[in-house]
1. Confirm whether residue 351 is surrounded by fewer than 22 Cβ atoms within 10 Å (Cβ to Cβ), touching a strand residue (DSSP E or B) at 6+ places or on another chain (Cβ under 7 Å) and at positive phi.
2. Based on what the data block shows, is residue 98 modelled with pLDDT under 95 and in contact with a strand residue (DSSP E or B) (Cβ under 7 Å, 6 or more places away or on another chain)?
3. Being modelled with pLDDT of 95 or more and assigned by TED's automatic domain parsing to the domain that holds residue 232 is true for just one of 181, 129. Which residue is that?
4. Got at least one residue in segment 153-162 being under 30 Å from residue 293 (Cβ atoms), touching a residue at least 24 places away in the same chain (Cβ under 8 Å) and part of a helix (DSSP H, G or I)?
5. Can you pull out the residues in segment 335-389 that are touching a helix residue (DSSP H, G or I) at 6+ places or on another chain (Cβ under 7 Å) and in a loop (DSSP other than H, G, I, E, B)?
6. Kindly check whether there is at least one residue in segment 377-384 that is crowded, with 19+ Cβ neighbours inside 10 Å and either under 18 Å from residue 16 (Cβ atoms) or not assigned by TED's automatic domain parsing to the domain that holds residue 14 (or both).
7. Would you check if residue 276 is in contact (Cβ under 8 Å) with a residue 12 or more places away in the chain, in a loop (DSSP other than H, G, I, E, B) and closer than 23 Å to residue 338 by Cβ?
8. Which condition breaks for residue 166 when tested against (1) under 26 Å from residue 42 (Cβ atoms); (2) surrounded by fewer than 16 Cβ atoms within 10 Å (Cβ to Cβ)?
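The values are calculated or read from the model by the stated rules, or taken from the named source; none is laboratory data. Since we're looking at a predicted model, the values are computed, not measured. Positions of Cβ are generated from backbone atoms using ideal geometry, with glycine treated the same way; all protein chains shown enter the neighbour counts.
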């Protein structure tokens, strides 16, 4: 089959993280949603029907007349039962769960399908109702809420036997510590009573760290010395994380290398937390947390008592930064200064509690280029254009 992931109108409720990637590239558990589907379907290639500024960058929609074109909703997290239902779809079948369109098989027709504003498929299709349990992302907080389940589920997808864990470590519980090739850990405490701990290829857990599963540590990531990492946490590939962390999902290549607290949060790529940055995840009056919703142009009650930071790609904090409960910081935000900044920090904003101004795009790009150079990566023209599109789309939020 030829797999095409599509974003529906709910992608707007998943900003700022969906501004710089298709929703299927959100990480939850060990893998991204795309990686989970491809592993379970046994396919090697996929493409996307997503926002125009992302399509122009590197996410084209590719259909074929040689294979069945199977379109999958990128915010649906797969399970074995759900994948089985998708595999059973024949040409002209659409799989739904209530009002949710999960997948559709358009056969060998190279026609690009469209989704209307009600998220229903445009066309004449046979409707199949899904009977599988499904985790569906409707808001960003669904990522950290379901992350523990996703880690356990992803353990089913591991193909190789675990590498041996050094005898200098202490393991409590029977869910196990799984090490990929090249993973290192010395003089650490792993509590697997609540779930497994996964350590990816060439990742390192440094001395004195204490981890309580379920936890996933991605390829090449580092857990710093004496870190305290609580369960339902994912530290994505290339990340460096220290201090105290509870139920946080780091997508990839972000740094929280110093002391400071972060809980019930989602952090995009290429972010950096200055030393002793602390992020509240519980209001002083224990009331439900409200967060900014881009699609609603205002604050929305999450119904959650615990909700911390949502951090868009390339966002950064200075040392000793304090962030309010439920803070949302957009792409390229640069936050610093004493006191608490607003609970919503628009994309490409610069400053803190006293004043937020526009972070000039050329200056933001210069910083991104320096960050990339440290990891031997180059900012390509297509990505530069994508960032400019996000900058332009969010200009009204900075006025």
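1. Answer is yes for this residue.
2. no
3. Just one listed residue meets the conditions, 181.
4. Checking segment 153-162: at least one residue is under 30 Å from residue 293 (Cβ atoms), touching a residue at least 24 places away in the same chain (Cβ under 8 Å) and part of a helix (DSSP H, G or I).
5. 346, 347, 348, 378, 379
6. Looking for residues that are crowded, with 19+ Cβ neighbours inside 10 Å and either under 18 Å from residue 16 (Cβ atoms) or not assigned by TED's automatic domain parsing to the domain that holds residue 14 (or both), one finds none in segment 377-384, hence no.
7. Spelling it out, residue 276 is indeed in contact (Cβ under 8 Å) with a residue 12 or more places away in the chain, in a loop (DSSP other than H, G, I, E, B) and closer than 23 Å to residue 338 by Cβ.
8. Result: residue 166 fails condition (1) only.
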